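This report concerns only the one structure given below.
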Amino acid sequence: MTAPGLAASDQALALSLRGREYRHAKRYQQALTDCTGALALDPDLDRAYFGRGLTHRFLDHYADAVSDLSHAIELSPDDSEYIASRGAAY
């Protein structure tokens, strides 16, 4: 996804949000692709790590889920949803 005139961080956010919608639609591979693309554009986007971590958890890829959710927590240590989701992945 590229949008002329849109900053990389904004493109990353858009990909992350689209990934969330794919995840809600149970289109998990597309969700992973978008979240990974978001992180390529903005490696500090905690919500992209969170979204990818949740998607991995739904696919029973628990080690990958814990890794991504741990990154999200490193970036936003006070986010209780991130912490709870990592606990569920464990």
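The values are calculated or read from the model by the stated rules, or taken from the named source; none is laboratory data. If you're wondering where the values come from, they're calculated on a predicted model, not measured in any experiment. Glycine gets a Cβ as well: all are built from the backbone with ideal geometry, and neighbour counts include every protein chain shown.
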TODO: Give the residue that is surrounded by the fewest Cβ atoms within 10 Å (Cβ to Cβ), with candidates limited to residues of segment 25-65 that are in a loop (DSSP other than H, G, I, E, B) and of a type in the set (Lys, Arg).
DONE: Lys26
Open item on the list: When you check Ile83 against the structure, is it in contact with a helix residue (DSSP H, G or I) (Cβ under 7 Å, 6 or more places away or on another chain), β-branched (Val, Ile, Thr) and free of Cβ contacts under 8 Å to residues at least 12 places away in the same chain, yes or no?
Closed with: yes
Task: Meets criteria (within 16 Å of Ile73 (Cα to Cα), in contact (Cβ under 8 Å) with a residue 12 or more places away in the chain and not small (Gly, Ala, Ser)) for Asp34 - done: no
- [ ] Looking only at segment 9-26, decide whether some residue is farther than 20 Å from Ala89 by Cα and modelled with pLDDT under 95.
- [x] yes
Open item on the list: Filter segment 1-21 down to the residues that are surrounded by fewer than 20 Cβ atoms within 10 Å (Cβ to Cβ) and either assigned to a helix (DSSP H, G or I) or in contact with a strand residue (DSSP E or B) (Cβ under 9 Å, 6 or more places away or on another chain) (or both) and list them by number.
Closed with: Ala8, Ser9, Asp10, Gln11, Leu13, Ala14, Leu17, Arg18, Arg20, Glu21
Open item on the list: Looking at Asp78, Asp64, Asp46, Asp60 in this structure, which one is in contact (Cβ under 8 Å) with a residue 24 or more places away in the chain and either more than 22 Å from Ala7 (Cα to Cα) or within 13 Å of the chain's Cα centre (by Cα) (or both)?
Closed with: Asp46
